[in-house]
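Every read-out reported here was derived from the displayed coordinates using simple, explicitly stated rules and does not represent laboratory data. Keep in mind that what you see is a predicted model, and the values were worked out from it rather than measured. As a convention, Cβ positions derive from the backbone with ideal geometry for all residues, glycine included, and neighbour counts pool all protein chains shown.
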Amino acid sequence: MQIREITNFQEGDLEDNETHLQGLVREVREETGYVNCYVYNKLGLIYEKKVADDDDNTLFQMTSHYYLCELNDTRMIAQQLEAYESELQFTPKWVLIDEAIKQNENLGNTLENNRWLQRETFVLKELKRYVASGLLKLSY
C-alpha cells in the first residue's frame, strides 16, 4: 500500500524553510486578505489516517495543527485564492462559534464525503468547551 502524507495545514503547504507559524500567517493573508495576524499559541493537533477516498491502495495521513490567532487590525489586501476557491467565491466572514458549528452540522447533512467537515466541527466544539471551562478567553 502506498502512503500519501500531508503534514501541514489543511489546504496550504509550507514553503521552503517556512515554520508552521510563518505558514499560518501567510495562509491567513492569502486566503482572507488580512495582513496583520498575531499567533498566540498552539491549541493542539489532529492526526488522521484512512484509506484514500480516490484509491483503495493508498493510505492517506494528515496532521492538522490548530493555533489561537488574533488580528491586530483589519487592514486587508486582495485575497490570493486557488482557482477552485475563486470559483466557489470564498470570502472571509466573521461568525460566532455556535453559528459556525450549526452551519457545519447543516452542511454535513448534505454532503456525502465530509470527513473534513466532521473534523472541523469536532475542533470547534472542543474549542467551545475549552472556552466554557475558563481556560481560554475569546473576545467577540
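Among 59-68, 44-53, sorting by the average number of other beta carbon atoms lying within 10 angstrom of each residue, highest first, gives 59-68, 44-53.
Between the amide H of L59 and those of Q2, I3, R4, A52, distances stay under 5 Å, these residues lying 5 or more places away or on another chain, with hydrogens modeled in the peptide plane. Computing Rg and the Kirkwood Rh from the Cα coordinates of segment 38-97 gives a ratio, Rg/Rh, of 1.08. Counting only Cβ charges, +1 for Lys and Arg and -1 for Asp and Glu, the dipole size of segment 23-107 around its Cα centre is about 440 debye. Straight-line reach from K50: taking Cα to Cα under 25 Å and skipping same-chain neighbours fewer than 8 places apart, the lysines in range are K42, K125.
Shown here are the Rg and Dmax of the Cα trace of the chain, at 16.2, 48 Å. Taking amide H positions as modeled 1.01 Å from N, with prolines and chain starts lacking one, the residues under 5 Å from C69 and 5 or more places away or on another chain are Y40.
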